[in-house]
Amino acid sequence: MSQIQDSSSADHDRWLSDFRAAAQRRADDGDPAWAAGARLHPAVVRSIQRFQVGEGSDGRVLIAKAAADGDDVYTATIRLFVAEEQNHARLLAHLLAAAGADTIPGHWSDAVFRRLRRSLGLRLELMVLMVAEVIALPYYRALHDGVGDPLAAEVAARILADEERHVPLHCDVLRTSLADLAPPTRAIAVAGWWMITAGATAVVVYDHGKALASLGTTRRRFTGHVARDFRAVTRRIHSRPHRNSAVAVGGS
């Protein structure tokens, strides 16, 4: 059975329209004023370099899995989602350049994460992808609120606005997909999902702890924000469909 085709075609049309409108807004708004330059704490530079690597996937495997599931509208939406993630990588690369820093070719945590996602089917890949999206929410909030640099704050705000749309998209698809599972299997899947989220969060707070401190937050607070946002995700997935609504996540 298709993992996505039995969800509402109206929902798929709505998401495609939303992503197309967002692409048009980006084209209308243009880029930030890179020439203004940026002043970033060295730990924040290193942190952004690692996040920039993670945002830069070409998305070929995810797009192929979506296409194999047979929903052309959803596949078109996933293509636009991947394009937004690639734009995040581009924005972060320009931000690093504005701060006089280079990008890095890769990072071990991103390599492990991508290998895990690509080894799975569409449902499980989306679940693992959601972990990254949920971790990104408090990260870009902290960057926006604590960086103290106008250019970096603008870049963080742009990326955060996209991430806050990405999470409910994946929630809507996973709600239908997980509903197909028998209750015991679904419970095991969700428990494993929490474990992956906890492990990924531990890696991030260890690897980016100095950057988080320079942004005015702590490892413990960041972990709490991830847990809160992930609880909002699981509530949405187990609820009835929401129309034109975002996941109710808190601020930093």
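The values are calculated or read from the model by the stated rules, or taken from the named source; none is laboratory data. If you're wondering where the values come from, they're calculated on a predicted model, not measured in any experiment. Counting neighbours? That spans all protein chains shown, and the Cβs are built from the backbone with ideal geometry, glycine included.
Worth a mention:
- Of all residues in segment 23-47, those being outside any helix (DSSP H, G or I) and either within 20 Å of the chain's Cα centre (by Cα) or surrounded by fewer than 16 Cβ atoms within 10 Å (Cβ to Cβ) (or both) number 5.
- Residue match in segment 177-190 (condition: exposed (fewer than 15 other Cβ atoms within 10 Å of the Cβ), free of Cβ contacts under 8 Å to residues at least 12 places away in the same chain and not in a helix (DSSP H, G or I)): yes
- Looking only at segment 206-240, residues that are charged (D, E, K, R) and without any contact (Cβ under 8 Å) to a residue 60 or more places away in the chain come to 7 in all.
- Matching residues in segment 200-218 - criterion: being surrounded by 14 or more Cβ atoms within 10 Å (Cβ to Cβ) and either in contact with a strand residue (DSSP E or B) (Cβ under 6 Å, 6 or more places away or on another chain) or closer than 13 Å to Ile135 by Cβ (or both): Ala200, Thr201, Val203, Val204, Val205, Asp207, His208, Leu212
- Qualifying residue in segment 199-210 (condition: under 21 Å from His94 (Cα atoms) and either at pLDDT 95 or above or not in a helix (DSSP H, G or I) (or both)): yes
- Check on Thr197, surrounded by 14 or more Cβ atoms within 10 Å (Cβ to Cβ) and farther than 29 Å from Val45 by Cα: no
- Test: Leu151 is assigned to a helix (DSSP H, G or I) and either at pLDDT below 95 or within 19 Å of Phe230 (Cβ to Cβ) (or both): no
- Restricting Arg50, Arg20 to residues that are in contact with a His (Cβ under 9 Å, 6 or more places away or on another chain) and either surrounded by fewer than 16 Cβ atoms within 10 Å (Cβ to Cβ) or within 15 Å of Leu215 (Cβ to Cβ) (or both) narrows the list to Arg50.
- Of all residues making up segment 139-148, the number that are assigned to a helix (DSSP H, G or I) and either among the hydrophobic types (A, V, I, L, M, F, W, C) or out of contact with any Ser or Thr (no Cβ under 6 Å at 6 or more places or on another chain) (or both): 6
- Residue match in segment 166-173 (condition: under 19 Å from Arg236 (Cα atoms), modelled with pLDDT of 95 or more, assigned to a helix (DSSP H, G or I) and in contact with a Phe, Trp or Tyr (Cβ under 6 Å, 6 or more places away or on another chain)): no
- Selection count, segment 50-94, where residues are basic (Lys, Arg) and in contact (Cβ under 8 Å) with a residue 12 or more places away in the chain: 3
- Test: residue in segment 120-136 that is modelled with pLDDT of 85 or more, over 16 Å from Val226 (Cα atoms), part of a helix (DSSP H, G or I) and touching a Ser or Thr at 6+ places or on another chain (Cβ under 9 Å): yes
- Residue count for segment 86-119, restricted to those that are modelled with pLDDT under 80 and under 13 Å from Arg50 (Cβ atoms): 8.
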